[in-house]
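Student: One structure is given below, represented as structure tokens, and several questions about it will come after.
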Amino acid sequence: MKTIIEPFRIKSVEPIRMTTREQREAILREAGFNLFLVHSDDVIIDLLTDSGTGAMSSEQWAGIMRGDESYAGSPSFYRFQRRLQEVTGFEHILPTHQGRASERILFELVGGPGKVIPNNAHFDTTRANVEHSGAAAVNLPIPEAADPARPHPFKGNLDVAALERLIAEAGRERIPLVMVTVTNNSGGGQPVSLENLRAVRAVCDRHRLPLFLDACRFAENAWFIKQREPGQSGRPVRDIVREMFGLADGATISAKKDGLVNIGGLLLLRDAELLYRASNLLILTEGFITYGGLAGRDLEAMAQGFEEVLHEDYLAYRLRSVEYVGEGLTRAGIPIVQPPGGHAIYIDAAALCPQIPRAQFPGQAVVCGLYRIGGVRAVEIGSAMFGERPPPGLELVRLAMPRRVYTQSHMDYVVEVCAALAAARDRLRGLRMVHEPPVLRHFTARFEEL
Ligand code: F0G
């Protein structure tokens, strides 16, 4: 059969509130043309993020009931710990309330003024936490990542030669760790190959540097490896995942993505001294080491989610359904980052509306257009999010797919809305930022249409 179906049935539904174009016009103005400031019940299809927006399974909801809320030593923690040990091979698993809490703890411990953190591409919170510590965040994507139209099977790879140069220039003592983000979110949801991870590991070994993964979408990355990397097609995804984590000395994870939960995060560490310091900081700012700012029921949901995400029929459906949207947009003549990413499709807004200069936020103009036309909420990943230093200079609009939430007809609707926007691209107007917050400005910035 050629159709890859959703490998689940729907047991509980949430109504979608329909809006008219006139209503959306008023809502957009009220929100200062920033979709982060729109109420979600005013959104028809919400593709703002794939983070924490997934649907849990009946087994996860069963875990919610089983959750043990003891302050210390809850059986829910030990179930969670065992599952994550199995999946990652790491012995030490610290729970946190979400990915950025893990980042904050890690970079408070290893960052600081004068330090340099290389990454294939820092996510916005990762960059912000690195910089908050006083360190510098350096992106080292492969050159192919700069060209949205150019397909590459592992466009998320880190440029190993550039890493060598950075180490030579900065000096290894200024680099507390090397980070690789799998999949690379800021650069198009693109995967990193095992070959690249092994090569980065070899550089780290030569310079005695620790290698950390930002592993939010580790399972999607592993599925791409299985599909695309020579010699990997016969391997269970679980083995590929174990090899990926086995190459690393630590990892930060937002469980809100491939953990298939609405809240939760992890910090994985091997070094005993770093673990000791991280545990103390966790107790200080998140919670005791057996709950880390979460409820016992959240740990149960994670224990189950990290199992389900490795089911290969789920991953085949997941990656194919994102690709399906990518194909629809491409057929409608919309330029996207090629190939389609694991968790999202990225529209190349600079190519779609070349009449809008960068300083007038072409990506944000596309985001506003999608909402106006069809109530679809997307997010700008470009000059509004990153200011003068987007990675790698792209002006993108991300359509992020919540996991197990929308059906194929929802996606057909999204493709129609995008096609209508493309047909009216000449009428899109640029924006001026009229309120600019000091950090992570895209969340609360306000705009005016020009
Ligand atoms: N790293 C990556 C690669 C991410 O995509 C995210 C979150 C984080 C770290 C931070 O995790 O949100 O749990 O604190 N990305 C979401 C997104 C928000 O929409 O891409 P968090």
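The values are calculated or read from the model by the stated rules, or taken from the named source; none is laboratory data. Bear in mind the structure is a predicted one, so any value in this text is a computation, not a measurement. When we count neighbours, we look across all protein chains shown, and the Cβ atoms used for this are built from the backbone with ideal geometry, even at glycine. Heavy atoms of the whole protein, side chains included, go into the accessibility calculation; ligands, DNA and RNA do not. Shrake-Rupley method; radii C 1.70, N 1.55, O 1.52, S 1.80 Å.
Student: In whole Å, what are the Cα extents of the chain along the three principal axes, biggest one first?
Tutor: Answer, in whole Å and largest first: 58, 54, 45 Å.
Student: I'd like the antiparallel share, as a percent to the nearest 5, of DSSP beta bridges with both residues in the stretch 58-308.
Tutor: Around 50 percent antiparallel, to the nearest 5.
Student: In degrees from 0 to 90, rounded to the nearest 10, what is the angle of the helix 296-308 Cα long axis to the longest principal axis of the chain?
Tutor: Helix 296-308 sits roughly 80 degrees off the main axis of the chain.
Student: Enter the angle in degrees (range 0 to 90, nearest 10) between the Cα long axis of helix 21-30 and the first principal axis of the Cα atoms of the chain, meaning the one along which they spread out most.
Tutor: The helix 21-30 is inclined about 60 degrees to the chain.
Student: As an exercise, identify the GluC sites (Glu not before Pro) in the stretch 350-428 lying in DSSP coil whose Cβ has no more than 11 other Cβ atoms within 10 Å.
Tutor: Values: sites: 380, 388, 395, 416; in loops: 388, 395.
Those that pass, being in a loop and sparsely packed, are 388.
Student: So which trypsin sites (Lys or Arg not before Pro) in the stretch 1-110 end up in coil per DSSP with only 15 or fewer other C-beta atoms within 10 Å? Each step should come with its number before you reach the end.
Tutor: Details: sites: 2, 9, 11, 17, 21, 24, 29, 66, 79, 82, 83, 100, 104; in loops: 2, 9, 11, 17.
Qualifying residues, ordered by number: 2, 9, 11, 17.
Student: Which FRET efficiency value, to the nearest 0.05, is calculated for residue 164 and residue 285 with the Förster distance at 35 angstrom and r the Cβ-Cβ distance?
Tutor: 0.45
Student: So how exposed is residue 449, as accessible area in Å² (1.4 Å probe, rounded to 10)?
Tutor: Here the residue's solvent-accessible area equals roughly 40 Å².
Student: Within the stretch 190-344, what whole-number % of the accessible surface is contributed by carbon and sulfur, with the 1.4 Å probe and all protein chains included in the calculation?
Tutor: Summing carbon and sulfur atoms, their accessible area is 51 percent of the total for the stretch 190-344.
Student: How much of the DSSP bridge set in the stretch 105-234 is antiparallel, in percent, rounded to the nearest 5?
Tutor: 20 percent
Student: A further question follows. Counting only heavy atoms of protein chains, what accessible area per residue, in Å², does the chain have with a probe of 1.4 Å?
Tutor: On a per-residue basis, 40 Å².
Student: Next question. What distance in nm lies between label points placed 7 Å from Cα along the C-beta direction at residue 150 and residue 108?
Tutor: Modelled inter-label distance: 4.1 nm.
Student: What nm distance separates the two modelled labels at residue 412 and residue 59, each placed 7 Å from Cα along Cα→Cβ?
Tutor: 3.2 nm
Student: Sticking with this one: Just to be sure I understand: of the beta bridges DSSP finds with both ends in the chain, what percent are antiparallel, rounded to 5? Provide the component values of the computation, followed by the final result.
Tutor: Values: 25 of 39 bridges.
Taking every DSSP beta bridge with both residues in the chain, the antiparallel ones total about 65 percent.
Student: Based on the Cβ-Cβ distance from residue 39 to residue 173, what FRET efficiency comes out when R0 is 60 Å, to the nearest 0.05?
Tutor: For residue 39 and residue 173, the calculated efficiency is 0.75.
Student: Could you work out [θ]222 nm for the chain from helices alone, using -39500 (n - 2.57) per DSSP H run of at least four and dividing by all its residues? Round to the nearest 500 deg cm²/dmol.
Tutor: So the helix-based figure for the chain works out to -12500 deg cm²/dmol.
Student: To continue, here is another question. Going through the stretch 119-209, which trypsin sites (Lys or Arg not before Pro) have at most 11 other Cβ atoms within 10 Å and a DSSP loop state?
Tutor: 208
Student: If you count only protein heavy atoms and use a 1.4 Å probe, how large is the accessible surface of residue 409, to the nearest 10 Å²?
Tutor: 80 Å²
Student: Hey, another quick one. Any chance you could get the radius of gyration and Dmax over the Cα atoms of the stretch 280-388, in Å?
Tutor: Looking at the stretch 280-388, its Cα Rg and Dmax stand at 19.6, 54 Å.
Student: Given the stretch 58-308, what count of lysine pairs have C-alpha atoms under 25 Å apart, with each pair 8 or more places apart or on different chains?
Tutor: Lysine pairs, 8 or more places apart or on different chains, close enough: 5.
Student: Can you send over the carbon and sulfur percentage of the accessible area for the stretch 40-84, probe radius 1.4 Å, protein chains only?
Tutor: Carbon and sulfur together cover 54 percent of it.
Student: Here's another thing I want to ask about it. Using only the alpha-carbon atoms of the stretch 58-308 as identical scatterers, what base-10 log of I(q)/I(0) does the Debye formula give at q = 0.10, 0.14 Å⁻¹?
Tutor: Log-scaled intensity ratios, in q order: -0.45, -0.89.
Student: At a Förster distance of 22 Å, what's the computed FRET efficiency of residue 70 paired with residue 276, Cβ-Cβ distance as r, to 0.05? Mind dumping the intermediate values first?
Tutor: On the way: r = 23 Å, r/R0 = 1.06.
Calculated transfer efficiency: 0.40.
Student: What is the Å³ per residue value for the convex hull set by the Cα atoms of the stretch 144-219?
Tutor: Looking at the stretch 144-219, the number lands at 94 Å³ per residue.
Student: What is the magnitude of the charge dipole of the chain about its Cα centre, with +1 placed on the Cβ of each Lys and Arg, -1 on the Cβ of each Asp and Glu, and no other charges, expressed in debye to the nearest 20? Write out the running numbers ahead of the final one.
Tutor: Working: 51 positive and 54 negative charges, 61 e Å.
My answer is approximately 300 debye.
Student: Using only the alpha carbons of the stretch 225-273, what is the convex hull's orientation-averaged projected area in square nanometres?
Tutor: Working: hull surface 17.5 nm².
If you wrap the Cα atoms of the stretch 225-273 in a convex hull and average its projections, you get 4.4 nm².
Student: Helix 408-423 against the longest principal axis of the chain: what's the angle in degrees, Cα atoms only, rounded to the nearest 10?
Tutor: 50 degrees
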